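The values are calculated or read from the model by the stated rules, or taken from the named source; none is laboratory data. All values reported here derive from a predicted model rather than from experimental measurement. Note: ideal-geometry Cβ built from the backbone for every residue, glycine included; neighbour counts use all protein chains shown.
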Amino acid sequence: MIRTLFALLIATFALTAHAAVDINKASQAELETIKGIGPSMSGRMLDERKKGSFKDWSDMVTRVKGVGQGNAGKFAADGLTVNGSGFKPELLASSKPAARADKAQPVAASRAVATSMK
């Protein structure tokens, strides 16, 4: 009986140790329970959150200085979520090339105009 209670108590602590921490709801202390997030990083996260809730991981990575795809993956592995969602690197990676493609088109168009003027 005591062994069962002890095992149940240990299981409860293990589950709460990796409980999800949502960046849009967490306090500074809760954010700092995530490995790699200290007072400075949690302060930047909270400052950006004051401007508006984070929509998704891409929004958080874009707005919070010092958080890139690598850190986002590490934070998510340790329990950080954005609106209850875990980090999906393929979604973050797929959003960046689209922005680069838009920038590349005017350059290509200006080159075409420049060569046709010669």
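Numbers at a glance
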item: Residues within region 79-92 that are surrounded by fewer than 14 Cβ atoms within 10 Å (Cβ to Cβ), touching a residue at least 12 places away in the same chain (Cβ under 8 Å) and either in a helix (DSSP H, G or I) or more than 10 Å from the chain's Cα centre (by Cα) (or both), tallied; result: 3
item: Qualifying positions in region 23-47 - surrounded by 15 or more Cβ atoms within 10 Å (Cβ to Cβ) and part of a helix (DSSP H, G or I); result: Glu30, Leu31, Met41, Ser42, Arg44, Met45, Leu46
item: Residue match in region 37-44 (condition: modelled with pLDDT of 95 or more and in contact with a strand residue (DSSP E or B) (Cβ under 9 Å, 6 or more places away or on another chain)); result: yes
item: Scan of region 52-71 for residues that are touching a strand residue (DSSP E or B) at 6+ places or on another chain (Cβ under 8 Å), assigned to a helix (DSSP H, G or I) and of a type in the set (A, V, I, L, M, F, W, C), ordered by number; result: Trp57, Met60
